[in-house]
1. Could you check how many residues of region 168-208 are in contact with a helix residue (DSSP H, G or I) (Cβ under 9 Å, 6 or more places away or on another chain), of a type in the set (A, V, I, L, M) and assigned to a loop (DSSP other than H, G, I, E, B)?
2. Here is a list: LEU244, LEU226, LEU265. Which entry is modelled with pLDDT of 90 or more and in a loop (DSSP other than H, G, I, E, B)?
3. Scan region 132-154 for residues that are in a loop (DSSP other than H, G, I, E, B) and within 27 Å of GLY95 (Cβ to Cβ) and jot them down.
4. Starting from region 65-78, keep only residues that are closer than 23 Å to ARG253 by Cβ, then list their pairs with residues that are of a type in the set (Gly, Ala, Ser) whose Cβ atoms are within a distance under 9 Å, requiring at least 6 positions of separation or different chains.
5. Among the listed residues GLY124, GLY106, GLY133, which satisfies the condition of being under 16 Å from LYS228 (Cβ atoms), exposed (fewer than 15 other Cβ atoms within 10 Å of the Cβ) and in contact (Cβ under 8 Å) with a residue 24 or more places away in the chain?
6. Restricting region 181-203 to residues that are of a type in the set (Asp, Glu) and touching a residue at least 12 places away in the same chain (Cβ under 8 Å), which is nearest to THR252 (Cα to Cα)?
7. Report yes if some residue within region 162-180 is touching a residue at least 40 places away in the same chain (Cβ under 8 Å), under 17 Å from ILE98 (Cα atoms) and among the acidic types (Asp, Glu); otherwise report no.
8. Name the residue that is nearest to HIS59 (Cα to Cα), counting only residues in region 146-171 that are crowded, with 18+ Cβ neighbours inside 10 Å and of a type in the set (Gly, Ala, Ser).
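The values are calculated or read from the model by the stated rules, or taken from the named source; none is laboratory data. Quick caveat, the model's predicted, so the values are computed rather than measured. Neighbour counts run over all protein chains shown; Cβ positions are idealised from the backbone, glycine included.
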Amino acid sequence: MASSNTSSPDYDESAASLIFEIFLAIRPQYAPFRLTLGTWENDIVPAEDNASQTVPYYHYEAEWTAEWTPPDLDLKILNTIFCHNQCDDVPVVLGPIISDLLGHNGSPEVLSLHMLPKSWLVTGGQPLLQADGLRRAHTVVKVGAIFYDITGGQFGVTKLRVPEEEYRREYVVSEYGDGASMTLEEAASLLLASDRPNRAYWNPLFLKLRGNLDTAFKAWMTERDLTKEQVVLDPVRRREVVELFRAATTTTRVEFNVEWYLGGLGG
């Protein structure tokens, strides 16, 4: 990988958007699904002043499938569904590239906090009001004084890169504290959900993806002797990287499934 100085003022914003594009490309490849229901609904819930409020939310149902087939659905809603319940998984699967592209301003931290969303998604048998009411636990990446929220779309966060002070003011519920922080390496083990349904399958898949995607990206960069800036700020190279990650994810899932079902990982 060529040397880099990461000097462009547009670099950080562009790097965040590239990571988001990569996530949108790989999400339906490592966990393909088919939507069976999608509709806007309303629920009347308690307000902060003990009155009531009407909360609109998007309710969807999905089932796992062998291959991904894009549904006939508004792209913004689809991308929001991709983000749903993925905030802990992104720092695991994409931790190395997050560090590669954003680590120049300091060591990226993974921060778990509580927020009050601007919008809500509900799936399965989940109620709109959960253990913390309308509030949701959420995970973001923090570099210096900047929050990077790759999966914030599920909660109505409209920007990928937000100054910490602004993000806390707009979204974070302060009475829950400043949040629990860990390194990207710690997140690779601590954020793999112990209560995830079928965790014996998903957790090793995510770790395999983490290693394979990191290896593929570094090899691709080295072969072409590219700097981070040459990739992040070049539309053609960005598309190539997104396709690299998409293909590597698909291959990894297929290989993992063979190992799982035929090689004994499932037993």
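1. Residues that pass the stated criteria total 3.
2. Just one listed residue meets the conditions, LEU226.
3. ASP132, ARG135, GLY144, ALA145, ASP149, ILE150, THR151
4. If the second residue must be of a type in the set (Gly, Ala, Ser), the pairs left are TRP68/ALA31; PRO71/GLY38; LEU73/GLY38.
5. Within the list GLY124, GLY106, GLY133, the selection yields GLY106.
6. Here the answer is GLU185.
7. no
8. Among those that are crowded, with 18+ Cβ neighbours inside 10 Å and of a type in the set (Gly, Ala, Ser), it is GLY153.
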